[in-house]
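A short reminder: the numbers here are calculations on the coordinates, not readings from a lab. Quick caveat, the model's predicted, so the values are computed rather than measured. Glycine gets a Cβ as well: all are built from the backbone with ideal geometry, and neighbour counts include every protein chain shown.
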Amino acid sequence: MSNQSGSSPVENQRELDLISRAQNGDRAAFAALVREHQDEVYTLARRLVGDPHLAADVAQEALIRAWRALPKFRGDAKFSTWIYRITVNTSWTHKKRAGRHQATPIEEHTQVAAPVDARHPEVAGEILELRARLRHAVDSLPDAQREVVVLKDIYGWSHAEIADSMGITVTAAKVRLHRARARLARDLEESA
Amino acid sequence: MSVVCEMAAPFVANSAVDGGEVILPFRSHTAACLKCQARHAVMSRTARELVAMQDQRIAAPADLEWRVLSSLEGDLELARTWRTPVALSAAVLSMAAAIVIWRLRPRTS
């Protein structure tokens, strides 16, 4: 799984230090990790389950599971990648419990947007509009398709990782992705 | 022509997202078909924007950190003060219950 948000060596060292202290039971260090990662965890949960209240419950449980599993974290993967996996698994558990939920549009809650080129305002405006339409289109996908698009096209998981996590075959994951992309393209065309 | 476009669609989408070429049976069709090229362009742009969404954050509820940490408090509290005494008491009680049941069993003679 790729993580495109680069962090400096100093930040990495600080995070490793926090993880090591949290592994030894230091709850202040874990609180710092929670503060650092809670938005990412909540964002992923929100994209997977749609419903904001359910997403908050998922994020809470994922962070608690992370605390309990922390002694087993060996640093083979990045901490954010590891916590994403826990969040995805927790999302499936909660969704099974809660049944299907209607997705809620998420654009009004977006806090930090990826930068657009301010030198070309007309292009920037177009990109912002496309992003808004895209977020709405992703949110409108059926659950099974949205989950695959979120994990593959936004978070860069492989088909095998998605299939493994969702308990489906690689072929099923590919089919869902194809249907989702086709629907996204159609929705974007219609809303243009 | 449109049937071929529909058959090529998933491969056009994959190529647009992954940045590779469309697979061989559809490559020449896609190169000549304006509809497929337009789809490719739309999908490439969509894919770029989807990737950019990874850096967009939705603010977590203000009380999330508090909820997590207070749950941990309960977790540790239970582990330290309750789990062992509860397990020991349950073991002692079940032993006592077994003795009482044995002593009070009906005897035939």
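Worth a mention:
- Using the Cβ-Cβ distance between A:Lys72 and B:Arg48 with R0 = 30 Å, the FRET efficiency computed as 1/(1 + (r/R0)^6) comes to roughly 0.25.
- Note on B:Trp66/A:Gln23: beta-carbon distance plugged into 1/(1 + (r/R0)^6) with R0 of 22 Å gives a FRET efficiency of 0.45.
- Other protein chain C-beta atoms within 10 Å of residue C-beta, averaged over A:124-134: 2.
- Partnerless Cys - chain B, beta-carbon criterion under 4.7 Å: B:Cys5
- Stretch gain in nm, segment A:Arg97-A:Ala124, where the contour uses 0.36 nm per residue and the Cα spacing is subtracted: 5.6 nm
- For segment A:128-192: Kirkwood Rh in Å [reciprocal of mean 1/r, alpha carbons]: 11.9 Å
- Relative protection proxy for B:86-99, A:135-148, from highest mean packing down: A:135-148, B:86-99 (other beta-carbon atoms within 10 angstrom).
- Calculated on the Cα set of segment A:22-74, radius of gyration then Dmax: 11.7, 35 Å.
- Sequence-distant residues sharing a close amide H with B:Ile58 (under 5 Å, placed H): A:Thr43, A:Gln111
- Relative compactness, chain B, computed as alpha-carbon Rg over 2.2 N^0.38 Å: 2.58
- Peptide A:135-146 - average C-beta neighbours from other chains (10 Å radius): 1
- Cβ-derived FRET efficiency at R0 22 Å, A:Ser140 paired with B:Val4, nearest 0.05: 0.15
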